[in-house]
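What follows is one structure encoded as structure tokens, with my remarks underneath.
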């Protein structure tokens with residue numbers, strides 16, 4: 001199966017720049033997620049790959065086929081790109097049965113009747129809808145409809161699978177199951193997949209790689225863990241989970257690391273990254289900050305718990321340290337009042 | 001990548017991933033449909049304007065460009081008389097229809113009027129009853145020699161009305177147009193927030209005050225909108241003056257054109273074209289004004305809050321039952337009795353109060369309808385036009401609507417106005433336009449003297465109705481359905497044929513039923529086109545009536561009403577089944 005190359009994609013809608021020089025590559029059999037809030041350009045990018053929208057500028061290629069190349073005036077029609085796509089609304093045609101929906105891509109490709117029947121049976125078994133072949137969409141549950149849409153998308157073994165927020169219409173429990181199931185299916189079939197979502201949990205749990213988008217640009221491109229641990233950009237850190245930001249003076253530490261000092265953290269916070277310049281901002285995840293009773297042994301500045309809430313598997317605290325307000329996640333119950341705060345070396349990372 | 005896809009081990013069926021090759025680009029088909037629609041809609045107006053600017057009818061040799069036709073028209077005192085008559089008729093009809101329709105809409109939708117659900121349906125009757133049937137029924141009952149007129153005048157010696165006067169015709173005009181006002185006002189009522197009225201009530205206003213101070217003022221845009229529409233419709237009305245005005249020599253604009261066309265020394269004179277062009281300008285102006293106004297009305301509604309939930313109807317108090325009975329009597333007088341009169345008239349030698357009807361019973365009228373070749377042909381021809389023309393029009397309009405709203409065809413935006421326009425043009429004008437078109441152009445000559453020409457004129461005139469039914473349903477179909485089909489590999493025409501049209505089946509059927517009953521009853525556009533051998537119902541009734549033969553015309557009207565009723569019932573049944581599936 002092929003790679004997808006997207007180069008210098010730009011698109012404006014009536015003067016508003018929706019895509020601004022977007023470039024990335026999806027490698028063979030990889031699942032890449034476009035993550036961002038609504039209006040960030042992720043769906044527009046997906047529609048450009050699908051051929052349902054035409055970019056103003058740029059190139060999209062899939063293996064040896066050029067889908068769009070504005071400079072060479074190539075723009076392959078959507079129906080000739082051989083993609084499988086799952087839409088946010090599923091777009092299962094209401095006048096066709098489950099089997100007819102899945103058979104449609106095969107019928108427009110003029111396969112023989114017998115081959116279609118065989119293939120539809122296989123696909124429906126694959127998406128666990130074998131018994132529902134003769135039903136109409138309105139007789140199916142949300143999860144089943146979603147699997148029909150997926151079955152239709154993979155019916156003719158497409159080169160590439162495009163998913164546009166496929167889980168957003170499912171309830172929370174079903175969503176988790178569908179996520180695992182889809183990931184497993186994608187892995188078995190070895191489909192090169194582009195996945196669009198605004199849900200960070202989906203992005204983290206499913207992707208081989210995450211592209212975080214904002215304002216029509218890609219801000220971060222990396223594996224889920226890299227993106228979470230080293231977001232590099234403040235927006236990315238905030239979008240993927242909660243984050244504390246601390247700005248202070250930076251000095252060089254041992255072995256190319258850096259130390260950030262503020263009035264509150266006079267002893268400095270060790271950051272295992274090189275940083276040029278006298279000042280900088282670090283991002284620290286709430287679960288990485290350690291808090292303990294004020295009389296417990298260890299170092300670190302004193303703080304005050306101003307707000308505490310119990311969230312089932314952990315406590316969420318707001319801790320005032322001097323003028324800073326940090327959010328902290330911890331397993332141990334603490335009363336409001338004085339605490340000791342510690343940021344262990346290596347958990348912080350510099351952001352722009 | 002085609003054909004060489006590596007498949008996972010659990011997938012065995014061979015799949016060739018080559019989309020079907022297209023024999024021509026989808027846009028070529030788009031261009032064909034676009035051209036057909038635009039040529040049919042716009043085409044007839046060029047010969048019309050051209051012929052009004054020539055000194056001689058265009059079939060005669062010679063002739064120069066001149067404004068003589070307009071001068072002739074303005075010099076004719078009969079023309080000005082017709083203009084005055086039309087104006088007073090239009091004012092009277094509009095006034096009656098707007099006041100009556102608004103009152104009925106408020107009464108049936110905002111009050112606790114007993115039987116309001118049934119009335120909401122019954123009030124629509126004048127829309128589906130063929131207009132000629134209603135007119136002839138009215139004449140049979142309330143006309144100069146009408147049954148009830150005789151009863152009141154000769155038997156009871158009371159002063160009687162004159163249906164053939166301008167006020168009399170205005171009453172009938174209002175009865176025919178009231179459903180239009182009713183529907184406009186009702187949809188506006190449904191779209192406005194009823195909590196505004198609740199607020200007035202909770203601050204102590206009684207029902208009458210609520211209606212006068214809150215409901216009616218909020219309806220102002222809708223009322224203005226349908227006032228203009230009814231006025232424009234009145235200017236082009238042909239059936240009422242031809243049937244009702246003839247005894248008292250009252251001509252309206254359209255009937256003046258029709259009579260001048262038929263009785264002029266030179267056949268088909270240019271000054272009739274000139275009159276048609278003038279009327280076209282006036283009506284188009286009125287409708288453009290209306291489109292402007294209703295545009296601002298839409299903004300008004302969209303800005304306001306949405307109507308909220310269940311609404312407790314205003315209490316009419318002790319007027320409840322008198323109002324309901326009054327409304328029942330109104331429906332009886334305007335629709336039920338004239339329809340009965342129509343049936344009675346088709347079965348008797350003459351309708352007279354001097355003899356009881358069963359003494360005058362005769363099967364002669366029905367026998368004539370069954371045996372006279374002209375009358376018989378008019379029924380079969382009309383059925384052919386309604387069935388074949390209706391189906392063809394629905395197909396063409398469906399394709400055009402999909403192109404207008406679901407394609408990337410460069411000229412798609414011009415299609416929606418082209419589909420709306422024919423219904424805005426007075427039918428007689430479109431008829432004259434088609435007459436000249438068939439005369440001037442070679443392909444037109446192929447359809448000049450046969451049924452095709454009439455079929456085209458009638459279908460073009462009414463294709464707007466099909467569009468008005470199909471478009472709202474199309475707008476409700478999620479665009480992701482098309483996208484899903486495209487990404488599955490389907491081209492535009494495949495999507496249209498396999499996805500959109502099948503989903504649109506119920507509105508397509510509804511459009512066909514509406515086209516069928518309209519094509520069966522409409523006659524304005526073909527009064528200038530009918531030739532012996534190509535009769536349609538409406539024009540045959542008109543011409544037979546003018547020869548003074550009354551009974552068979554009533555029988556034909558009954559045939560028309562029965563066919564319409566049967567088609568409506570069948571259509572409603574099939575539609576219910578389609579919707580349930």
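Bear in mind these aren't lab numbers, they're just calculated from the coordinates by the rules spelled out. Because the structure is a prediction, the values reported are computed rather than measured. Every residue, glycine as well, gets a Cβ built from its backbone with ideal geometry; the counts of neighbours run over all protein chains shown.
What the table shows:
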| item | result |
| --- | --- |
| Where only alpha carbons of region A:68-165 are counted, the Rg and the Dmax (Å) | 14.3, 49 |
| Cα→Cβ-extended label distance, 7 Å offset, between residue A:273 and residue A:28, nm | 3.4 |
| Full-extension gain in nm, residue B:42 to residue B:80, via 0.36 nm per residue minus C-alpha separation | 10.8 nm |
| Values of log10 I(q)/I(0), in the order q = 0.19 Å⁻¹, for region B:65-117 under a Debye, Cα-only, solvent-free model | -0.74 |
| Estimated FRET transfer efficiency when R0 is 35 angstrom, pair residue B:413-residue B:87 (beta carbons, to 0.05) | 0.45 |
| Chain A: equivalent-ellipsoid semi-axes (sqrt of 5 x gyration tensor eigenvalues, Cα, Å) | 47, 25, 15 |
| Rotationally averaged projected area of region B:34-130 (alpha carbon convex hull; nm²) | 11.6 |
| Shape category assigned to region B:492-548 from the gyration tensor of Cα positions, a/c cut at 1.5 | prolate |
| Beta bridge orientation in the protein assembly as shown: antiparallel %, DSSP, nearest 5 | 75 |
| Span per principal axis, largest first, for the Cα atoms of region A:49-90 (Å) | 34, 22, 13 |
| Interatomic Cα distance distribution for region B:481-581, bins of 5 angstrom, percent | 2, 11, 15, 14, 12, 10, 10, 9, 7, 5, 3, 2, 1, 0 |
| Whole-number percent relative contact order across chain A, with pairs defined as alpha carbons under 8 Å at least 6 apart | 16 |
| Cut-off 11 Å (backbone N to label point 7 Å along Cα→Cβ of residue B:187), residues of region B:103-141 | none |
| Extended-chain gain in nm, criterion 0.36 nm per residue less alpha-carbon gap, residue A:257 and residue A:117 | 44.1 nm |
| Two-decimal ratio, region B:425-468, of alpha-carbon radius of gyration to 2.2 N^0.38 Å | 1.17 |
| Share of pairwise Cα separations in region B:409-555, more than 23 Å, in percent | 51 |
| Region B:130-194: relative contact order as a whole-number percent, Cα under 8 Å and 6+ apart | 19 |
| Bins of 10 Å from zero: percent of alpha-carbon pairs in region A:252-297 | 22, 49, 24, 5 |
| P(r) of region B:452-492 over all Cα-Cα pairs, binned every 5 Å from zero, in whole percent | 5, 19, 14, 13, 14, 12, 12, 8, 3 |
| Hydrodynamic radius by Kirkwood, which averages 1/r over all alpha carbon pairs of region A:118-250, in angstrom | 16.8 |
| Alpha carbon convex hull of region A:160-233, volume per residue in cubic angstrom | 99 |
| Within region B:496-530: backbone nitrogen closer than 17 Å to the residue B:579 label point (7 Å, Cα to C-beta) | B:503-514 |
| Of A:237, A:155, A:258, the one that fluctuates the most in a GNM where chain A has Cα springs shorter than 10 Å | A:258 |
| As computed over chain B, the Cα convex hull volume per residue (Å³) | 211 |
| Inter-label distance, nm, simple model (7 Å from Cα along the C-beta direction), residue B:120/residue A:180 | 5.1 |
| Expected-Rg normalisation [2.2 N^0.38 Å, Cα atoms] applied to the protein assembly as shown | 1.26 |
| Mean projected area (nm²) of the alpha-carbon convex hull when region B:100-247 is viewed from all directions | 10.8 |
| Antiparallel bridge percentage (DSSP; both residues within chain A; nearest 5) | 75 |
| Fewest-first sequence of B:113, B:474, B:446 by Cβ atoms within 10 Å of each Cβ | B:446, B:474, B:113 |
| Additional length obtainable on full extension of the chain from residue A:54 to residue A:187, 0.36 nm per residue less Cα span | 44.9 nm |
| Region B:237-279: equivalent-ellipsoid semi-axes (sqrt of 5 x gyration tensor eigenvalues, Cα, Å) | 19, 12, 6 |
| Along each principal axis, Cα extent of region B:399-457, largest first, Å | 39, 24, 18 |
| Label-point separation, residue A:110 to residue A:71 (7 Å along Cα→Cβ), nm | 3.7 |
| For A:66, A:192, order by how many other beta-carbon atoms lie within 10 Å, fewest first | A:66, A:192 |
| Two-site FRET efficiency, residue A:5 against residue A:287, from Cβ-Cβ distance with R₀ of 30 Å, rounded to 0.05 | 0.20 |
| Residue B:395-residue B:282 FRET efficiency (beta carbon distance; Förster radius 41 Å; 0.05 resolution) | 0.75 |
| Cα-derived Rg over Rh, computed across region B:310-469 with Rh taken as Kirkwood radius | 1.14 |
| Cα-based convex hull volume of region A:226-352 per residue, rounded to whole Å³ | 107 |
| Backbone N within region A:318-345 under 11 Å of label point (7 Å from residue A:304 Cα along the Cβ vector) | A:320-323, A:337-339 |
